[in-house]
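The values are calculated or read from the model by the stated rules, or taken from the named source; none is laboratory data. Bear in mind that the values here come from a model prediction, so they are computed numbers and not experimental data. FYI the Cβ positions are ideal-geometry reconstructions off the backbone, even for glycines, and counts take in every protein chain you see.
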């Protein structure tokens with residue numbers, strides 16, 4: 001399960017992503033359409049990790065999207081103040097358990113979701129909505 005690794009300075013084009021993602025392409029597009037208010041930014045992390053798409057709200061990185069064959073991964077990090085919102089959300093209990101079992105880091109608790117079907121999109125969108133909420137610094 002290798003990410004799209006391109007040694008060139010150009011991120012993957014839609015045609016390449018569409019071929020790579022296969023049946024998950026419409027789900028991926030639905031996620032990007034739902035995140036139209038966010039700023040996408042492609043980053044190349046070397047041959048092992050390839051190109052990743054980061055979604056930003058202002059200067060805040062909300063999530064990373066990694067592209068694989070017939071699936072994509074959405075990676076979040078939630079600060080401790082967001083933990084109660086994640087646990088109160090409607091995401092599946094298995095994701096909540098995985099989230100609470102994850103080692104907390106200074107930048108937050110990680111939660112990674114593999115998306116292989118449209119049925120997994122609502123959880124991703126709900127987590128993205130939690131991440132969209134302003135941080136305490138932004139509220140001040």
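Things to note:
- Listed conditions (1) surrounded by fewer than 19 Cβ atoms within 10 Å (Cβ to Cβ); (2) modelled with pLDDT of 95 or more are all met by residue 45, apart from (2).
- Among the criteria (1) in contact with a helix residue (DSSP H, G or I) (Cβ under 7 Å, 6 or more places away or on another chain); (2) surrounded by fewer than 17 Cβ atoms within 10 Å (Cβ to Cβ); (3) closer than 21 Å to residue 128 by Cβ; (4) in contact (Cβ under 8 Å) with a residue 24 or more places away in the chain, the one residue 86 does not fulfil is (2).
- Search result, residues across the range 104-128 that are buried (at least 18 other Cβ atoms within 10 Å of the Cβ) and part of a strand (DSSP E or B): 109, 111, 113, 115
- Residue count, the range 28-64 (criterion: under 13 Å from residue 121 (Cβ atoms) and touching a strand residue (DSSP E or B) at 6+ places or on another chain (Cβ under 6 Å)): 2
- Residue in the range 40-52 that is under 12 Å from the mean Cα position of the chain (by Cα), assigned to a strand (DSSP E or B), under 23 Å from residue 132 (Cα atoms) and in contact (Cβ under 8 Å) with a residue 24 or more places away in the chain present: yes
- Annotation note: of 2, 75, 94, 36, the sole residue that is outside any helix (DSSP H, G or I), modelled with pLDDT of 95 or more and surrounded by fewer than 14 Cβ atoms within 10 Å (Cβ to Cβ) is 36.
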